[in-house]
Each structure stands twice: as C-alpha cells, then as structure tokens.
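Written out below as structure tokens is the structure these notes cover.
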Amino acid sequence: MEWSSTLSWLMSLLLLLICSGNSEEYAVRLSLVGFLQVLSGNDTGIIEKLGWSAATDPCTDGWNGVTCNNRTSSVYKIKLEELGLRGTIDAGRLCQAPSLAAVSLLHNAIRGEIPPEISDCGRLTHLYLGGNSLAGSLPPSLTLLGNLKVLDVSDNDFSGELPDLAKISGLVGFLAQNNRLHGTIPTFRFGNFDRRRFNVSNNLFAGPIPPGGDRLDQTSFIGNPGLCGKPLPVACPPSPSKEDHKSLKLSREKAIMFSGYIALGLVLFLYVTYKLIHRKKRTKHRKIADEKIASDGSSVKSSIPWSSTEASATATSSLIVLKRPGTMTDLKFDDLLKAPAESLGRGRNGSLYKVTMADGTCLAVKRIRDCGTSAAEFRRRMERMDMAGHQNVLPAVAFHCSTQEKLVVYEYQRNGSLLSLLQGRQLDCVAFDWSYRLRVAAGVAEGLAAMHRELLADGIGHGNLKSSNILLTNVMDPCISEYGLVADSRSVEKAGGGSAVAAADVHAFGIILLELLTGKPVRNEPSELARWVNSVVREEWTVEVFDEALVSGGASEGGMVQLLQVALRCVHPSPAARPSMDHVAAMVNTVREEEDERSDVSEP
C-alpha cells in the first residue's frame, strides 16, 4: 500500500514536470482555441470540425486551417475562409502565437471591429479580413505592424478616416474597396503597389489623389465622388488664389491702426533693401572671380564650360531636337549653353550637368569629349537609338555633335539613381526591399534586351552600364541612361563582333544584379565584387552573400539564390559562356513571377 502511494506521487510529479516544461506551448494552444470560440460565436460544430483542442498540438496533430513553420514547429499561418464564422475577433488571444505571420478570415460573417490589440501580432505580414460584416474605424494601431505587407479590409462596413498606413514602409498591398471610409487618401508609397493590389474604390474619399497614384488604374479609385486627379478623368479644381483669402472687413479704426503698421514695415523694408543692394555690390566681383577660377564649370550656378572654338562653331552648328522636354515649346543651343548649370560629376567619358532653363525645366546634359566617332557617325547612332527606344531606356531629348565635342540632352530625373539607393539613400515613395529590387532587375533586363535586339546589328551596345546609369523615374521605374554614348562599344564590335558588345553589357548587368543582392555598391573595379561573391559561394556560405536588409525583411531565400545563379552566369569569365540579354531577361522575369506566385501561396 505504501509502495503504491509512492508510485502515485512520483507519477503526479512527473506529469507536473511535463506540463511545466510545455506550459508556454500549452498557453498558446489554449489562447488559439479561445480565439476560435469567440470567432465562431461558440459554435461547437465548427470547432469540432476544425479539430482545434488545447489537448492536441496544432502542428503535429494537424489542426485544420493552421500551417506551421517546420523549422520551429510553431503556428505560422491561420486560414479560416468561408466557414460561416459569426463571432468577433479576439486579437489578444490571437496574438499569443509568437510566430504568427499570416491570417485570413475571408468571406465569413464576422462582426464587430478590428481590436486595437491587433498590433500585438508583431510578426504579421498578411492580414485578410475582406468579405465580412466588420464595422467601425480602422484602428490607428495598425500602423504599428511594421512587418505588414498586405492588408485586405474590402467588402465590409468600415467607416471613418484611414490611419496613416503610409508609415508601414513595406506595404505592397492594400484593398479597402466597398466600405464607407471617408477623408483623404494617405500618401502611400504607390511605387510599391502593382495594379491589382491597391483598391479603395466605392468609398467616400475626397480630395486629390496623392502623388504617384497616377501610375495605377482608375479602377483603383472609382466610386468616390469627391476624389479628383489622375488617373481619374475628373481634374482637381485650381487652388484658391491669394485674393480669395483676403476677405477680412476691417473697421475704420482698425484700418488706421494697420496702416501704421504698414508704414513702419515699409520703412524697415526700404532699410533692408538698401543693405542688400550694397552687399550685392560687394559680392559681385568676388563671384566673377570665383567663376574664372573654376576650371571645368563645377561652380554651383555657372553655365556649361565650352571651348572658344566650339562656341564660335555654334553659329553654323545646330541642336538636333528629338522630343520636346517637359513644358518647353522650344529648345535652342544658345539658350542651353547660357542657362545656369551645376556639375553632377565627371567620368572617363565626359561630364554631366544639371541645367535649369528659363522656364524652370531641368535638363541633364552629358558633355562627351574624344568619343572616337565622327560627327556624322555620332548623329547616325543617336537617330538610330531614338528609333529603337524602350520604356526602361531614357530617351535623349536632343543632341549636338561637332568635330571636337558632343552634347546629349536628357530630361532630368529627380529621384536619383540606383547607386544612391545602394549607398543608403531613403525615399518616401518606395521601400528598397526584395520586391522593388526584383522590379528594378526585371525593368533593366527588359530594356537592355530590347535595345540589343534593335541595335546589336549596328554594333551599338550600352558600353558603360552601371548602377549610377540606372535612373529612377517619377514613378520609381528603372530607366537606363547614356545608352550607346561610349565609342568603346564600336571598338569592341570590331574586335569580336556584335556578340562581344552584347557580352560586355551582359557582364555589366550581372554586376548590377550582384549589387542588388548584396547591397554592396561597386567601389573601384566591378570584377572585385564578382570575385568576392564567387569565393563565398565556393565555400558554400551562399547565404552570407545576401544583403542583411533583404534577409531580415523576409525575402525568399530560394528566390535570392535563383537570381544569384543568373548573376553568376552573366559574370562568367568567358564572354562566350554568358547568356544573351533576351535569355537573361526571361530568367529574371521567371524569378519575379515565381516570387509573385510564392507570395500568393503564402498569402492565405
């Protein structure tokens, strides 16, 4: 009897130790079961059908609607769609699952509001609540979900103004159509969204569509009577003039008082003007002296430096205009040379200037010296490239060619270059994440492939492709600049045919892929980056190659490895072993499409 009592005590102690060791996991299971009870409105039939029980393990015992992380054996995704759930969302219990990244409750009859505790799900990347009976305002705490990529609240009864979801830098999908939301639309990073992942149609929004929204279809915004601006056909009314704001009616006494203030202000204004005029006179000679000292026109606001020989040739030379830049009605060589210019940099092929024309239009002017081609040949090349063209290749606005020097004029791109992003520049309109880097890679590949198809027969390649020559348009699309300006492409063509021109460009594109994957901009010699990557891959430490920002941001390791394989084929030491740009573009687009599919699969 005593032995039996002792055995019973030992078994109780063992059970206590086992339960204690699994207490955290048990607490998570208990919370999730409680979440389902509230969500279903205590519908025991649904709970039994799904097989959720605190006595079983959601990963090993296969709870229906639950996907687990195989590596950590923790709940990763909850998908409860079209089950007739009629309860409310208990975010406090839901967010007890520490690894939860995706939740889909689409097409049920869930009521109530989104609780502010939803921000406790700190690892949440995808939240799908569309097609329910949810109401109230979207909680401001949604903006605290810093890892959120897709939010779907469509087809509900939400009202109120949107919280500033633009604070979530990695948001690539927002669906809120068919609600009663009002107010203005936040200034999202519209460059992050594709056309099927942003929709606020059929609400009560008003005011102008924020900058960048014009890159989307009008179907993303229709059904909001108060909205205006592109892409909608309704133009926004002009801003009120200053005169419209002068509606104060002053009494006689107040008018006398204010006239005194005006008189005093006029005296002060005249005094300040007097001082400024004298200061201007003192600095005028200093500025003239500074401009004379500048050897290459790199002063802040000088004109483009031009030799006396070339200046005299302007009388007989002309600027060949290919397209009208911006709002300008006319572009003349003399106006271009006299306009204020600032140096943007100097390379082995010439200097680049930002020129501000009289009407405020900004142009980028590439000044090329010793390009090794005659004026006639240069003109033929420029006209041939203009005929080719592609949406991801920056077209020349105009050009000038003479015996000694050439000028090529482009529209100035205010968002800078890919190199600036690699160097850490932050832009409000787009996040430099895996999705955007794939978008850049695909755009550059398609543009380069299209130009090769049109121009390689003439021996015209890019010749100087690098991340500083990948510019970003106003909607953050990549755009290849300075295509075909380097005469070296002709010498390469003579040495090895058009295939040699193509192989050189393919190698340069491979380096750009490596920069996108590693986050490391080329410092001196591009081949150094390729050698480093190859050495790491040989040591079977491939993951160490990738940019930490991509890894921590949840980029797909499989997708990054695939793109790395494309890059390594492009930088193969043997030019003959490198693929064509058509083949490269197809491979990059395959990676991008598979990533989109992988994202769709990971989205409940």
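The values are calculated or read from the model by the stated rules, or taken from the named source; none is laboratory data. Only a predicted model underlies this, so the values are computations on that prediction, with no experimental measurement involved. Note that we place each Cβ from the backbone using ideal geometry, even for glycine, and neighbour counts take in every protein chain shown. Note: accessible area is taken over every heavy atom of the protein model, side chains too, but ligands, DNA and RNA are not part of it. Shrake-Rupley method; radii C 1.70, N 1.55, O 1.52, S 1.80 Å.
For the stretch 41-200, the Cα-based Rg and Dmax, in that order, read 15.8, 48 Å. Report, in whole Å, the centroid distance computed from the Cα atoms of the stretch 420-448 and the stretch 72-111. What the calculation gives is 33 Å, centre to centre.
Based on Cα contacts under 8 Å between residues 6+ apart, the stretch 341-429 shows a relative contact order of 23 percent. Averaging the sequence gap over all C-alpha pairs within less than 8 Å and six or more residues apart, then dividing by the number of residues, gives the stretch 21-100 a relative contact order of 35 percent. Could you grab the relative contact order for the stretch 115-228? Cα pairs under 8 Å, six or more apart, rounded to a whole percent. Dividing the mean separation by the residue count of the stretch 115-228 yields 20 percent. Using R0 = 45 Å, the C-beta based FRET efficiency linking W541 and M387 works out to 0.40.
R0 = 35 Å: FRET efficiency of H107 with T56, Cβ-based, nearest 0.05? Approximately 0.85, to the nearest 0.05.
Pairs of C-alpha atoms in the stretch 350-409 farther apart than 19 Å represent 36 percent of all such pairs. Solvent-accessible area assigned to carbon and sulfur over the stretch 41-141 amounts to 44 percent, based on a 1.4 Å probe.
For the stretch 42-59, the Karplus equation 6.51 cos²θ - 1.76 cosθ + 1.60, evaluated at θ = phi - 60°, returns couplings of 6, 7, 5, x, 5, 4, 5, 4, 7, x, 8, 8, 5, 7, 10, 9, x, 8 Hz by residue, with Gly and Pro reported as x. Let me know the charge dipole size of the stretch 105-160 about its Cα centre in debye, to the nearest 20, where only the beta-carbon of Lys, Arg (+1) and Asp, Glu (-1) is charged. With Lys and Arg at +1 and Asp and Glu at -1, about 160 debye. Using a Förster distance of 30 angstrom, determine the FRET efficiency expected from the C-beta separation of E161 and D214, and round it to 0.05. With a Förster radius of 30 Å, E is 0.85.
Residue by residue, the stretch 468-475 carries 3J(HN,Hα) couplings of 6, 9, 9, 8, 10, 6, 5, 10 Hz when phi is fed to the Karplus relation 6.51 cos²θ - 1.76 cosθ + 1.60 (θ = phi - 60°); x denotes Gly or Pro.
Backbone amide hydrogens, once placed in the peptide plane, bring G207 within less than 5 Å of L227, C228, excluding anything fewer than 5 places away on its chain.
Return the subset of K354/K406; K323/K366; K366/K520; K338/K406 for which the Cα-Cα distance in this structure is over 23 Å, preserving the input order. Mind showing how you got there, number by number?
Values: K354/K406 16 Å; K323/K366 17 Å; K366/K520 27 Å; K338/K406 17 Å.
Over 23 Å apart, Cα to Cα: K366/K520.
The convex hull drawn around the Cα atoms of the stretch 348-483, when projected onto a plane and averaged over every direction, covers 8.8 nm².
Across the stretch 34-39, computed HN-Hα scalar couplings (Karplus, 6.51 cos²θ - 1.76 cosθ + 1.60, θ = phi - 60°) run x, 4, 5, 4, 5, 5 Hz from first to last residue, x flagging Gly and Pro. Close amide H contacts of G51 (hydrogens built in the peptide plane, cut-off under 5 Å, sequence separation of 5 or more or a different chain): none are found.
Residues whose amide H falls under 5 Å from that of E411, counting only those 5 or more places apart or on a different chain, are A364, V397, with hydrogens built in the peptide plane. Excluding ligands, DNA and RNA, the accessible surface per residue across the stretch 393-463 is 32 Å² with a 1.4 Å probe.
I209 exposes around 20 Å² of accessible area when a 1.4 Å probe is run over every protein chain in place.
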